[in-house]
Amino acid sequence: MKQIINPSQPIGIFDSGIGGLTVASAIKKILPNENIVYFGDTAHFPYGEKSEDSIKFYAIKIARFLLQKNCKAIVIACNTASAHAYNVVKEFAENKVEVINVIDPIVNYVSTKKEYKRIGVIGTKGTIKSNVYENKIKQISKNIEVVSLATPLLAPMIEEGFFNNNISKTIIQSYLSKPRLKKIDCLILACTHYPLIKKEITDIYKKQFEIIDSAEIVALQVKNILTQKKLLNKNNVGKHHFYISDYTPSFGNSASMFFGSKISLSEQNIWI
Ligand code: DGL
């Protein structure tokens with residue numbers, strides 16, 4: 001039996017930790033009437049180091065939790081989980097709700113930029129090993145060269161609150177100076193944690209080319225899909241609830257940075 005979905009139901013968003021907050025905050029900005037349920041799987045962070053099977057297992061449990069919370073759409077606000085688990089989450093949701101990943105909107109965006117011939121991608125080991133960006137971009141245009149670099153220290157550094165300081169600057173600089181990233185026409189930040197260091201990256205490249213992150217582009221995609229499906233919440237002040245699988249002080253700090261000091265945050269065991 002097809003479930004009836006209505007606009008007042010929340011949007012479910014998940015990531016391994018704070019990274020998806022960059023997407024959640026962009027969604028809040030362009031869709032302030034929407035209720036949001038966010039799940040940060042801090043117990044299993046970092047996803048970038050985990051096997052594909054583990055990520056699929058975590059993603060399905062989280063999708064089940066978000067569906068139990070009555071979400072009308074699920075946003076996989078994590079590149080690693082989008083690369084490994086988008087298909088299984090979609091299958092699990094059985095077309096009852098929309099499932100949105102963070103990779104396709106970026107691939108569609110760069111495909112509109114005909115002048116981009118050599119595209120740089122940085123992300124977790126899991127995302128880069130999956131080759132998902134290269135495969136999807138090449139499906140659109142075979143002539144585009146995609147050069148990828150795994151930058152595994154960045155997400156843990158950001159998750160711990162290390163950004164905009166000398167330590168983060170040195171680590172970012174050391175990755176970005178790799179010869180592979182020379183002569184690129186744009187750089188895709190293929191990890192939802194990286195918008196938090198976008199300013200530092202921009203300072204290094206000094207506006208030589210576009211630095212693309214998923215937050216706004218994905219938020220627009222969510223808006224378009226909800227509009228098409230007539231599921232936009234209109235007369236409501238958006239309420240936001242955050243769940244994490246393991247308490248970390250840095251999650252609370254980051255969520256407050258994006259959503260204000262009085263956030264509703266609970267620890268939730270969804271693995272039983
Ligand atoms: N934010 C996640 C992503 O976009 C990665 C962080 C992690 O390794 O858990 O891939």
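Things worth noting here:
- Verdict on residue 69 being modelled with pLDDT of 95 or more and either buried (at least 24 other Cβ atoms within 10 Å of the Cβ) or within 15 Å of residue 24 (Cβ to Cβ) (or both): yes
- Filter result for the condition that a residue is within 16 Å of the ligand (Cβ to nearest atom) and under 18 Å from residue 250 (Cβ atoms), over 26, 77, 59, 83: 77
- Among all positions in the range 175-191, there is no residue which is β-branched (Val, Ile, Thr) and either out of contact with any strand residue (DSSP E or B) (no Cβ under 6 Å at 6 or more places or on another chain) or at positive phi (or both).
- Qualifying residue in the range 84-93 (condition: among the aromatic types (Phe, Trp, Tyr), part of a helix (DSSP H, G or I) and farther than 26 Å from residue 159 by Cα): yes
- Criterion: within 21 Å of residue 224 (Cα to Cα), of a type in the set (Lys, Arg) and surrounded by fewer than 24 Cβ atoms within 10 Å (Cβ to Cβ) - qualifying residue of 56, 29: 29
- Conditions (1) at pLDDT below 95; (2) within 16 Å of the ligand (Cβ to nearest atom); number of the one not met by residue 191: (1)
- Residue in the range 131-138 that is in a helix (DSSP H, G or I), away from the ligand (no atom under 14 Å from the Cβ), out of contact with any Leu (no Cβ under 9 Å at 6 or more places or on another chain) and under 22 Å from residue 26 (Cβ atoms) present: yes
- Residue within the range 216-235 that is surrounded by 17 or more Cβ atoms within 10 Å (Cβ to Cβ) and in a strand (DSSP E or B) present: no
- Meets criteria (within 16 Å of the ligand (Cβ to nearest atom) and outside any helix (DSSP H, G or I)) for residue 161: yes
- Failed criterion for residue 14 (all others in (1) assigned to a helix (DSSP H, G or I); (2) surrounded by 23 or more Cβ atoms within 10 Å (Cβ to Cβ) hold): (1)
- Inter-residue pairs, beta-carbon under 7 Å, first charged (D, E, K, R) and in the range 162-176, second modelled with pLDDT of 95 or more and surrounded by 11 or more Cβ atoms within 10 Å (Cβ to Cβ), 6+ apart: 169/200
- Where a residue in the range 100-112 is touching a residue at least 12 places away in the same chain (Cβ under 8 Å) and its partner, wherever it lies, is within 14 Å of the ligand (Cβ to nearest atom) and part of a loop (DSSP other than H, G, I, E, B), with Cβ under 8 Å and at least six apart: 102/77; 102/78; 102/192
- Of 156, 152, all but one fail to be assigned to a helix (DSSP H, G or I), surrounded by fewer than 18 Cβ atoms within 10 Å (Cβ to Cβ) and within 14 Å of the ligand (Cβ to nearest atom); the exception is 156.
- Flag for residue 183 being outside any helix (DSSP H, G or I) and away from the ligand (no atom under 15 Å from the Cβ): yes
- In the range 236-268, of all residues being of a type in the set (S, T, N, Q) and in a loop (DSSP other than H, G, I, E, B), the one that is surrounded by the fewest Cβ atoms within 10 Å (Cβ to Cβ) corresponds to 261.
- If you go through the range 29-54 and keep only what is assigned to a helix (DSSP H, G or I) and either under 18 Å from residue 257 (Cβ atoms) or within 9 Å of the ligand (Cβ to nearest atom) (or both), you end up with 29, 42, 44, 47, 48, 49.
- Among the residues of the range 57-83, those that are more than 26 Å from residue 157 (Cβ to Cβ) and within 17 Å of the chain's Cα centre (by Cα) comprise 60, 63, 66, 73, 74.
The values are calculated or read from the model by the stated rules, or taken from the named source; none is laboratory data. For clarity, every value in this text was computed on a predicted model and none was experimentally measured. Here Cβ is always computed from backbone atoms with ideal geometry, including for glycine, and neighbour counts include all displayed protein chains.
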